[in-house]
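What follows is a short report on a single structure.
Derivation of every value follows stated rules applied to the coordinates shown; laboratory data play no part. Owing to the predicted nature of the structure, the values given are computational and were not obtained by experimental measurement. No Cβ is skipped: glycine too gets one built from the backbone with ideal geometry, and neighbour counts run over all protein chains shown.
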Amino acid sequence: NAGVMQNPRHLVRRRGQEARLRCSPVKGHSHVYWYRQLPEEGLKFMVYLQKENIIDESGMPKERFSAEFPKEGPSILRIQQVVRGDSAAYFCASSPIPGTGETQYFGPGTRLLVL
Amino acid sequence: TQLLKQSPQFLSIQEGENLTVYCNSSSVFSSLQWYRQEPGEGPVLLVTVVTGGEVKKLKRLTFQFGDARKDSSLHITAAQPGDTGLYLCAGANDYKLSFGAGTTVTVRA
């Protein structure tokens with residue numbers, strides 16, 4: 001029973017480059033959530049996706065950030081033209097049931113460092 | 001602005017002592033979760049409380065949800081070094097979790 005998998009676990013990018021973060025949900029889960037954790041702060045909701053649909057992206061910056069969850073393959077969080085302020089831990093969670101906070105299982109996160 | 005405020009931010013105690021972590025909010029949540037996060041890992045769910053006034057026990061951990069469903073507490077009895085970690089509370093309304101900044105607990109042997 002594999003849990004939520006994220007890769008890479010660590011990612012270093014220079015300012016202006018692109019960062020691609022991948023999340024494979026628990027097998028059978030079709031609901032994926034992305035959160036960002038800044039130093040000394042709690043996790044902040046970014047986006048909620050179902051297969052091929054973005055349900056809620058209210059927590060995601062309007063520019064440079066995008067997310068997808070295709071029919072096949074992992075969910076991708078993409079950050080274009082990264083800046084130093086994007087340095088953070090990005091966590092993905094998945095759930096089998098739509099619309100509940102009670103059943104979200106978190107992955108180990110991707111630590112992004114922007115130089 | 002943090003929707004959920006956790007206190008204290010840091011807590012260091014001797015093995016065998018008791019500790020309590022608080023999670024307070026001005027908002028009402030449909031449920032509240034407590035997580036523990038190890039360095040370099042993601043949050044791991046400890047418990048979910050749903051009903052106002054609910055108390056749940058997990059071995060030496062006792063979780064309480066306030067009557068108004070706005071605040072919660074985590075009490076650890078006879079803490080052990082293995083309890084060391086970052087404890088996070090998160091309030092849920094539908095799918096959106098709002099996290100506190102966490103309490104770093106250190107239990108010294």
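Tabulated results
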| quantity | calculated |
| --- | --- |
| Efficiency of FRET from Cβ geometry, A:Arg111 and B:Ala78, R₀ 35 Å, rounded to 0.05 | 0.55 |
| Rounded FRET efficiency, nearest 0.05, which uses the C-beta distance separating A:Ile54 from B:Glu15 and R0 of 45 Å | 0.40 |
| Label-to-label distance, nm, for residues given as B:Thr62 and A:Arg14 (7 Å Cα→Cβ offset) | 5.8 nm |
| Relative contact order %, the stretch B:28-109, counting alpha carbon pairs below 8 Å whose residues are six or more apart | 30 percent |
| Test item: B:86-93 mean partner chain Cβ contacts at 10 Å | 2 |
| Alpha carbon centroid spacing (whole Å) that separates the stretch A:1-39 from the stretch B:77-109 | 22 Å |
| Residues whose placed amide H lies under 5 Å from that of A:Val47, excluding near-sequence neighbours | A:Trp34 |
